[in-house]
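Structure first, commentary second.
The values are calculated or read from the model by the stated rules, or taken from the named source; none is laboratory data. Being a predicted model, the structure only gives us computed values, none of them experimental. Here Cβ is always computed from backbone atoms with ideal geometry, including for glycine, and neighbour counts include all displayed protein chains. Note: accessible area is taken over every heavy atom of the protein model, side chains too, but ligands, DNA and RNA are not part of it. Shrake-Rupley method; radii C 1.70, N 1.55, O 1.52, S 1.80 Å.
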Amino acid sequence: MTEAVSTAPGTELPDPDERRGGTGTLRFLAGKIGSGLVSLLLVVVLGFLLFRMIPGDPVTTMTRDRPTSPQQLAELRARLGVDKPMLQQFLDYFGGLLRGDLGTSYIYNRSVAAMIGERVWPTILLVGTATVLAVALGLWLGVRAAWKRGSSFDKVQTGVALTLWSVPQFWLGLMLLIATQGLFPSRGMTSPDTPPGFFPELLDVAHHLVLPCVTLLAVIYAQYMLVMRSSLLEEMNADYLTTARAKGLRDDLVRRRHAVPNALLPTVTLVFLQFGLVVSGTVTVEAVFSWPGLGLLTFEALRGPDLPLLQGVFLILAGSVVVMNLFAEVLYRVLDPRVRAS
């Protein structure tokens, strides 16, 4: 027998999860965290096997152009642990990860964790700045393109966004270097002749940030614009917008107060889902502009190949995708009551 639920007019329905004593949220979080840990384990296994398929012997590369006897090569292989069976190498690597040890770089002879710690902040600065600007620009253009559907503004902005989205990042970066003709620095993050002090150094970093940030922004803003445009187009024929207009609200108030908040949900979750992928996609941008982040570190490690460094960077980049996906799923549950009720 179904229990009848009567609610007084104006009374807000209780959250479905609250009626279950909040256990639904705990089960949801436990399930998602468990799935995330399984994904991280698969990333560890895949990263270990993937980089051992790269052609080339790291010991031969390290001793290139230096007279080395076969005995010295064997001693170096034994010191690096690459002469052990594959399973033993993986167990040693996994045991190190559990202790927080990402290994030692073959080429730089330094802790991989320390090198990643030095390079992660430039990448966060680049990706964070580009993502914030791309979200703001994409949402602004997407809202106006949808509200003026079929207009010249809509057609031009959609065409430009699709074109930039399909352009390779390295090619766009090179074109910007040619077009700006030395107006902005083309390499690095700082200049050696910058006067000491907070503001001079801040302006110097911002000056170096312009070209790599614009390159990344031009490619990623399109997806936010197109998703926002599509979401708003779906909302534009909803009955509640007709009701709002019938109440006498101005068109811009109908758009800002009613249509845009309901169309934001897919875009907000997309921002979190794409953030991890944007971090992984900075390899070519940082390589073109010699930006000292994780992308450039990956490019340098591939020339070895420096297996511990590649594995460490891959784990951080892939792990960021897993973590941001987890945040997106939790945020989606918070923002959408239909997900909590399911």
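Descriptive notes on the structure:
- Percent accessible area from carbon and sulfur atoms, segment 74-187, protein chains only, probe 1.4 Å: 66
- For segment 88-94, the Karplus equation 6.51 cos²θ - 1.76 cosθ + 1.60, evaluated at θ = phi - 60°, returns couplings of 5, 4, 5, 5, 4, 5, 5 Hz by residue, with Gly and Pro reported as x.
- The chain: angle of helix 198-235 to the longest principal axis, Cα-based, in degrees nearest 10: 50
- Between segment 122-150 and segment 216-237, the alpha-carbon center distance in angstrom: 9
- If only the Cβ of Lys and Arg carry +1 and only the Cβ of Asp and Glu carry -1, the dipole of the chain around its Cα centre is close to 580 debye.
- Principal-axis analysis of the Cα atoms of the chain puts helix 169-180 at an angle of about 90° to the longest axis.
- Residue among MET236, ALA263, LEU296 farthest towards the positive dipole end of segment 221-334, charges placed on Cβ: MET236
- Sequence-distant residues sharing a close amide H with THR190 (under 5 Å, placed H): none
- Annotation note: trypsin sites (Lys or Arg not before Pro) in segment 207-279 located in DSSP loop regions with a Cβ neighbour count of at most 15 within 10 Å are LYS247, ARG250.
- Accessible area in square angstrom per residue, segment 224-297, 1.4 angstrom probe: 43
- Per the Debye calculation on the chain with a single equal scatterer at every Cα and no solvent contribution, log₁₀ I(q)/I(0) for q = 0.06, 0.07, 0.09, 0.13 Å⁻¹ amounts to -0.33, -0.44, -0.69, -1.14.
- Rounded to 10°, Cα long-axis angle of helix 260-280 versus longest principal axis of the chain: 0
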